[in-house]
Every structure is written in C-alpha cells, then in structure tokens.
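Okay, structure first, notes after.
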C-alpha cells in the first residue's frame, strides 16, 4: 500500500519533471525561432535581407547576439534603486514563464486546472506592474515616463481584456482551458464571437507591447522607455521576456479563439505551435505597417471602443448561445 | 509638478544633433527650448577665404538632403554679381535636376517623418529605395551620388546624357505610382490620421510673423512660393501651381509635401517636353575670377525646405561677405510656438513635420 502510493507519487513526479522540461524546450524553441522569424519578416517588409551571415539564413544570429549580450559588462546607473532594478527583470521573466506553464498544450501535455483561465489573467496583470517597477526604479526620466505610461495602459486595456475572456468563459461554462479548447472541436470561437476576438486581439497587442501599442518602449519618443538604462545581461533577459510574452500571447489567442490544438493528421502539440507561430507572424506584420498610437488616444480607445464592444459581446453571447 | 527632460543631442528622432530642453506638465508640453550649434562649421566665414568656384562644394554641404539646391542658390548669386546670363537650355537642365532633387528630399522626409510617428523603418526603407533611383539618375548626369557640384557660371558642368529623357520618364511614371501607393497606405490608416490631424497647428498670422517659409508656410494657408512670386529660370513659362493647404497642422504639412512631389513630376515632364536643343555648358572653373559687376547681390530660391537666400558682398576674387538665410533654421524657430500645449508624443510628429536638417540650421 505504502509502496504503491510512493510509486504513484514518484511516477507523478517523474511525469511532472518531464513535462516541465518539454514545455521549457517549447518556450526556448519558440523564442529562438520567433526572434529569427521576426527579424526576417520585418526585413522582407522593408526590402532588406535581415540576418544572413551567421549560419544558414542567419539562423544563428540570435545565438550570437545572446552570447554578446551576456558577455558584456552590466552597467547600473548610480541613480537607480539597485535592489528593485536588479530584481525586477528576472522576476518578470519568472512570472511570464510560470504563466506559460499554467497553460495546457494538448489533452495530455500540460496542466489542466479548473480555474486556469482566471489564474492566468490575474497573474498576467502583474506584468505591467513589473514594467512599472523597472521603469520607476531606474532613475532615468524617459524610463519614468515609460512607467507612468505603463500604469495608464493597464488601466485602459485590462478591463476589456478580462471582459472578452469572460465572454469565452460564459459560452464554455467553465474556466478550464482544456474544456474550452475541446468545445471548439467543430467551430472555433473566432467564428462564434468575432467581436470578442477583435477586442481580445487588440488588448493582447497592448499587453504584449506590440505596435501600434508599443508605448512603453516607444523608440522615437522615449528612446527605449523602461529599457533605457537596462544593462547588457539584463537586456538579454528583457528580450527573453519579450519573446516569451509573445509565446504566451499567441498561445492564449490560439487556445481561446482558434480552437487550440484541434486539427487533423498532425499531433495536437504541433497544431498548437503552428497556430501560435501564425498568430505571432500576423502580429509582426502589424508591427511593420502601423504608426504608434498616442497614450491619451489609447485611453479613449480603450474606454470608448473596446469596453462597450466587449460588453456588447458578452450580452450577444448570452442572448445567442447561453440563454 | 513640472518635469524637465533633455531630448538630444543623441536621440532617435532629432534628425541629427538638435538638443531640446522640454518642460512637461504631466504629458503636456509647457516649454521647449531648442539648443543648436553642434554642427556649426562656419561655412559663411570659410567662403570668405576661398575663390568663388571653390565655395560651391562647401555650399552643398549645408544641406546634405538636397545639396544641388544650395549649389544652385550660390551659383545664381554669383551669376548675378558677375552679370552672367544663364544659357537657355541650361535653365531647363537646372530646373529638371532641381525638381528631381526636391522629390528626393521630400521622399527622405516622408521616411523619417513616419519613423518619428513610430512606424519604425518600413516607410523609411521604401522611400529610401525610391530616392535611391533618383540618386542613380542624378549620378548618371553628374557622376556623383551625394554632392554633385554640377552648377557652373552660366550653365552646368555636364549636360544631360543622351538617354536621360527616356530614363527620367520611366522613373517619373514609377514615382507617380509609388506616391499614389504611399498616399493610400498612410491616409487610409486611422492611427496616422489621428496622430497628424489637428496636431501642431500653426496659424496663418503666426506663420507669417515667425517668417517660416516653404511647405510649412504653405500648409498654413499662405499662397507664397518663390518659384512663382520671384520667378527664376523657366518656372513662369511652365504650368506650375504652388500647393496650399489651410489647416496648418501636421497633416497639412504632410499633404503639401506629397502634392509638391506630384507638382514636381508634372514640372519635369513639361520641362522635358519643351526643352530646347543647344549648349548648356557653363564656364569652366577658373581660380582667377571674372570681373565683378555688382558689389552687393541678394538672390532667393525655393529650396525643398523653404526659401533660401544669399546676400553676398562681392569682391574681386572671393566673396567679401556671404550671408545665408537657411530655411530650416527659421522653421525651427517656430517649434516653440507650435509645440506648447501639445502632448509629449506629438513633439516628435511636429519636429518631423518641420523637415529639419541640422547642418542647414547650424551652418
């Protein structure tokens, strides 16, 4: 009896460890390939070649960049709050990676918890807070403005984001992401609630700090926003954060609206990764084509467009499907 | 609480080495103080120590985005001092080259302007590609890509090559198509409209009092263009309408430049059609100067950035004193008037819409 329990327990632990390793490999694979694809896509849009020299098609360029960034000296500004400034980027990275672990990757891989959806979005709202901490603690005025923008941004898109998710949960009658995906076996939610998808996609763009909502690190205004004084190794962490956040965002979009891992012939995990990559490339193409929004306009856009739309979406979902 | 921010001289959106000390109240601009002079080379003083035709290459470096316009301005001042008439064909050749230069300059502006609005480098690369084709054409004529030094007293150094007309027409068709694409691409984008319309308005009276010229002035509703009002070369013979907008905001300035490129294309086509045969070559460069007829001359030209003026006190072999009215410098002085009360993010849209070249400002 005791030995049997121990066996099940050790079996569970072994499975857990394997899953942790596999998902981490997914994260690193996506981050690396996305970094390369983004550079190539943007280059294609701009009549350039992108990275070509390091490796075939410049595949190892990002690796070379990471090595360069990690080998450089870390410079910390004297005006910075040392503790917060050095602790916040790794904490942010840990938060984002943890969030990826909270998502299921197929019916068997990854965890499936009953309040998974709620937990992901509650924890996700801590990310702007971390960005605020980095910006405010660096002692640079551009970073300080970036920190202010961080707060204003999260005020303007968090509520529509959560309401769009509420529409999904309302239809599915569950907060369990595995259930939500399996409900989309015949019809992905993008067809059932296009308005909800639009709101969610736009709010996710803002959450991921992608143009036209890259207000926190606005290149042409704030130089790099919260990244202005971030030293080289920490900048590598920030890049890792950026790409992992991209992974998280495109996973969430494909899980909640694009029927997640459901698809013919290929294994479920592969389908999910393919969908995540496609969503990520769409976001990159948007980056290549739009100009940046202004912060007060974003606030107005969030409260006067996204919020009514998301409420309308909930009402419509309730009337059409739930009642 | 007021915040003071130092923008530049090293900043992605200050187009060179402009330093702005910006006072912010929250997100609203209370004051902007431009600090200039980082690129001051004393061109006006240098010109006093060189022979007349040696100065031309110095003049081109004043505005590296439209060098030929400046060399034309200087040579025109010299021609007036010497009492030399420009040859009839040379007038057409100069006009064609200058209008190509204007299109190239405006294309460069369009790219950097979109960069300032946060559309990082896509538009920039596209317009640079088109500008490159113009530079190739100018290279066919003059032999160099950036600093041409093609203007000579009474004419040009090298006449247009035999296949120029064919190449130019092909390029103009291509540019017209591209400009239409850019217009659709930008003006159908609601965020672009939002970022430019009713932002950074310069009223008509303020524009006149501040002395701004060129597209910035015409965007504020003042119908003034040196090419028409103080016509030179053959601008009065060709069909040419200055482009005027009334709103005076960033979008109006964008629109004026877009329409001006169209107008330039039309001008070049007209000029190519009616260009006479003959000789366009000017006097070869001689260190010994020709005799000076007038001792004080003032010449004005419509440069891509506005009205450029040279006041020259001529001496026997070199200018005794040379004074340049740089359009970008005067246009920069209107920044404060425009930017106060606007949002911080719009400061860069406004700055981009003024089309500054810091070498031109600092001289």
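Nothing in this text is a laboratory measurement; each read-out follows from the coordinates by a stated rule. Everything numeric here is computed off the predicted structure, so don't read it as measured data. Positions of Cβ are generated from backbone atoms using ideal geometry, with glycine treated the same way; all protein chains shown enter the neighbour counts.
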Set the Förster distance to 35 Å, then compute FRET efficiency between residue A:270 and residue A:11 from the Cβ-Cβ distance, nearest 0.05. 0.85
Label-point separation, residue A:94 to residue B:205 (7 Å along Cα→Cβ), nm: 6.3 nm
I need B:342, A:209 ordered by Cβ neighbour count within 10 Å, fewest first. B:342, A:209
Given a 10 angstrom Cα cut-off, can you work out which residue in B:173, B:315, B:206 is the most mobile in a GNM of chain B? B:173
Given the C-alpha centroids of region A:64-128 and region B:240-279, what is the distance between them in whole angstrom? 54 Å
To the nearest 10 degrees, the tilt of helix B:88-116 (Cα long axis) against the first principal axis of the alpha carbons of chain B is 20 degrees
First measure r as the distance between the Cβ atoms of residue A:54 and residue B:10, then evaluate 1/(1 + (r/R0)^6) with R0 = 41 Å and state the FRET efficiency to the nearest 0.05. 0.90
Below 8 Å, C-alpha to C-alpha, sequence gap of six or more: please give me the relative contact order for region B:2-362 in percent. 27 percent
By count of other Cβ within 10 Å, fewest leading, how are B:239, B:167, B:15 ordered? B:239, B:167, B:15
Extending each Cα 7 Å along its Cβ direction at residue A:114 and residue A:286, get the distance between those two points in nm, one decimal. 3.5 nm
Here, residue B:167 and residue B:281, labelled 7 Å along Cα→Cβ, have an inter-label distance in nm of 2.0 nm
Relative to chain B, whose Cα atoms define the longest principal axis, helix B:250-274 and its Cα axis are tilted in degrees, nearest 10, by 20 degrees
Would you tell me the mean number of C-beta atoms belonging to other protein chains that fall within 10 Å of each C-beta in A:206-218, as a whole number? 2
Antiparallel versus total DSSP beta bridges in the protein assembly as shown: what percent is that, nearest 5? 95 percent
Summing -39500 (n - 2.57) over every DSSP H run of at least 4 in the protein assembly as shown, dividing by its residue total and rounding to the nearest 500, the 222 nm mean residue ellipticity is -18500 deg cm²/dmol
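Count, for each residue of A:39-46, the Cβ atoms from other chains sitting within 10 Å of its Cβ, then give me the mean as a whole number.
Average per residue, whole number: 2.
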Which of B:51, B:59, B:128 has the fewest Cβ neighbours within 10 Å, and the rest in rising order: B:51, B:128, B:59
Compute the distance from the alpha-carbon center of region B:21-98 to that of region A:156-220, in whole Å. 54 Å
Taking Cα atoms, how many degrees apart are the long axis of helix B:67-82 and the longest axis of chain B, rounded to 10 and kept between 0 and 90? 50 degrees
If you take each beta carbon of peptide B:37-49 and count the beta carbons of other chains within 10 angstrom, what is the mean? 0
Sort out for me the Cα centre separation of region B:195-233 from region B:126-168, rounded to whole Å. 29 Å
